[in-house]
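What follows is a single structure, written as structure tokens, with notes after it.
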Amino acid sequence: MTLKEITQYKTDITSLIDGGRLYEAIVKLQPVVEGVADYNLIQQLNTAKVSYDYLLQYFLDGVKDDGRNDMIDKITESLYLIADKCVIALSAKQSFELFYTKASVLRGVSVADLVSKHQNLQKKYELLTGVDAESQNARAISDLKREKENVVVDLFNKVWCSFPLVKEDSNELKEWFAYAEEYEKQLVLSAMFLGQTKFYDEAKLVFLLESYITASDIDTQTRALTGAFLVMMLYPHRVGRSKFVGKLLAEASENVNFRSDVSSVMQRLVRSRNAENVSKRMREELMPNIMNMDPGLVSKLKGKGAIDPMDLEENPQWQEWLNKSGVSKKMEELNKLQTEGEDVFISTFSHLKSFPFFNVMANWFLPFYPTHSSLDDSFPAESRKMVKIIKYAPFLCDSDKYSFCFSLASVPDSQKSAMMGQMDIHNTDLQELESTELPDDKKKSRDASINGYIQSLYRFFTLFSRKNDFLSVFKSDMDFTQLPFFELWGLDQTALLTIAEYYLKNGFYEDAVSYFSYIQKHFEDVAPHILQKMGF
């Protein structure tokens, strides 16, 4: 089979299984499984066929079978798995997709091998850094840190390409999670999600849900839930058959933050559909006005050397130009969009993804942390404070924080100092504001975490050099009403109405009508203005 024929074959098989035409799917799978010549797959298909024959015979004989639906679900999932394994076996021999090339490179390496290697490196690192600062071997520590980071990248790739995730690997990872750094856990959770954009894997979905339930770190929780939500959005029919997933989801829904987290995920995903429109406004409305700035004013500003934004705000000539040119109004509009959660930086940072750091696919999902080895050369010890300030910079996702750091590496020290001063003041103000909040009020932090992660995902699926190797979750219909176990998600009329109103406001009229229609059909006491908006 050619790659095109394999793709069509998977589409045809999936269509048969989705439609419940299991016998036809078995017949279509038979010659392909025999061609793959995998004994285990042949046995699995024979087992599915025998089970289906028994079900059919019981039905014809009129025998009461209370377990019939469960058996049909079991056969159905077995056929999906067999079909996916056949696709992998056929594609691996001829496809140059990253999924298959990375799987080939790591074929002889197990999850247990990588976990063990990481454990050994961690122990060595703790020994080297556990002595007095003046006695430490900086070069050895730096080399060991890079080696440890590379192992985590290999673990990311191994988890991403492992299909299906077997119980032994899942157990190894759970033990590793007990001592791993939070950013390392979060990277592997992203691999769990990414692998399922290629092939649905219930074991990985279970791992994500269990991580949301058991994690204590906000970023780890929100990444796990976001990944699980996206998987359920991609495969609603398959997920809906799993009673165990339903049980885990019910357990997750008992978390006091669950409904708020889900609402935040939905709203951020919906807003991602408007990212290109916001980016277009930046390119066509704001930037041209700035480029047309009065040359005389530009000359005066250039003469100031490192420009202090506070000076500009107090400069009457600057303020006059801002008001007359319309830039001030546009900036106010964009600032409002930013505070509402819109992605206003995508156009700015799309040009800053060519650094070597982003050639490593896993780095697109890497949480930002100031001690990463890639930042060591650009920011020596005396300027590490700037990196720590950037870590807490509001509105920047992790991917953009790395881009920002790399772009700053070439900025003169005088300008770095000025920028650091402004950022430090701004962050101090934010910290003072946050200190006045109630200790248990973490909603803003959770919303910001979800927003930042989804923005990082958006950048990967739209800007990564090999993006065509991946199924972009941002190109799906995002019809949340089709989510499995609907009653557990907390999608009440208010949540759905918020989505519908957003779509209407931003010109996604068909989507808006779809949600308004769903509300009208499934909820009582629907306000008359909903019908008016549908008519509009």
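The values are calculated or read from the model by the stated rules, or taken from the named source; none is laboratory data. Because the structure is predicted, anything quoted here is derived from the model rather than measured. Counting neighbours? That spans all protein chains shown, and the Cβs are built from the backbone with ideal geometry, glycine included. Heavy atoms of the whole protein, side chains included, go into the accessibility calculation; ligands, DNA and RNA do not. Shrake-Rupley method; radii C 1.70, N 1.55, O 1.52, S 1.80 Å.
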At 1.4 Å probe radius, can you tell me the per residue accessible area of the range 169-214 in Å²? 28
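May I ask you to order 512-522, 475-485 by the average number of other C-beta atoms within 10 Å around their residues, highest value first?
Working: 512-522: 17.5, 475-485: 15.7.
Packing order, densest peptide first, comes out as 512-522, 475-485.
From the protein chains alone at 1.4 Å, what is the descending order of accessible area for VAL411, VAL131, largest first?
On the way: VAL411 30, VAL131 65 Å².
From most exposed to least exposed: VAL131, VAL411.
Summing +1 for each Lys or Arg and -1 for each Asp or Glu, what net charge is found among the other residues whose Cβ lies under 12 Å from the Cβ of TYR515? Walk me through the numbers on the way to the answer.
Details: positive: LYS521, LYS533; negative: ASP477, ASP479, GLU501, GLU510, ASP511.
Net local charge, TYR515 excluded: -3.
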In whole Hz, the Karplus estimates of ³J(HN,Hα) for the range 261-267 (6.51, -1.76, 1.60; θ = phi - 60°; x where Gly or Pro) are 5, 4, 4, 5, 4, 4, 5
If a/c stays under 1.5 just call it rounded; otherwise compare a/b with b/c (prolate if a/b is bigger, oblate if not). Do that for the range 1-58, with a ≥ b ≥ c from the square roots of the Cα gyration tensor eigenvalues. oblate
Most packed first (mean Cβ within 10 Å per residue), the peptides 139-150, 180-191 order as 180-191, 139-150
Rank by packing, highest mean first: peptides 365-378, 35-48, with packing defined as the count of other Cβ atoms within 10 Å averaged across residues. 365-378, 35-48
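Using the Cβ atoms and a cut-off under 10 Å, what net charge is assigned to the surroundings of MET233, where Lys and Arg are +1 and Asp and Glu are -1?
Charge balance near MET233 sits at -2.
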Once phi is turned into θ = phi - 60°, what whole-Hz ³J(HN,Hα) does the Karplus curve with 6.51, -1.76 and 1.60 give for every residue of the range 480-492, x standing for Gly and Pro? 5, 5, 8, 4, x, 6, 3, 5, 8, 7, x, 7, 7
Listed pairs LYS204/LYS385; LYS388/LYS442; LYS204/LYS401; LYS85/LYS185; LYS93/LYS123; LYS124/LYS167 exceeding 32 Å between Cα atoms: LYS204/LYS385; LYS93/LYS123
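Ignoring ligands, DNA and RNA, please state the percent of accessible area on the range 66-158 from carbon and sulfur, probe 1.4 Å.
Working: 2570 of 5040 Å².
Taking all protein chains in place, the range 66-158 shows 51 percent carbon and sulfur surface.
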With Cβ to Cβ distances under 11 Å as the rule, what net charge do the other residues near LYS533 carry (K, R +1; D, E -1)? 0
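Given a Förster distance of 30 angstrom, what is the FRET efficiency for ASN69 paired with PHE474, based on the Cβ-Cβ distance and rounded to 0.05?
Working: r = 35 Å, r/R0 = 1.16.
That gives a FRET efficiency of 0.30.
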Residue by residue through the range 76-86, the couplings from Karplus 6.51 cos²θ - 1.76 cosθ + 1.60 with θ = phi - 60°, in Hz, x for Gly and Pro, are 4, 5, 4, 5, 4, 5, 4, 4, 5, 5, 5
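Carbon-plus-sulfur fraction of the accessible area of the range 203-273, 1.4 Å probe, in percent?
On the way: 1150 of 2370 Å².
Answer for the range 203-273 is 48 percent, counting heavy atoms of protein chains only.
From the Cα gyration tensor of the range 62-141, with a ≥ b ≥ c the square roots of its eigenvalues, which class applies: rounded if a/c is under 1.5, or else prolate if a/b is larger than b/c, or else oblate? Before the final figure, lay out each step's value.
Working: a/c = 6.34, a/b = 2.26, b/c = 2.81.
Since a/c reaches 1.5 but b/c is at least a/b, the shape of the range 62-141 is classed as oblate.
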What FRET efficiency would be calculated for the residue pair LYS391, SER104, taking the C-beta separation as r and a Förster radius of 41 Å, to the nearest 0.05? 0.70
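For the range 1-61, which whole-number percentage of the solvent-accessible area (1.4 Å probe, protein heavy atoms only) is attributable to carbon and sulfur atoms?
55
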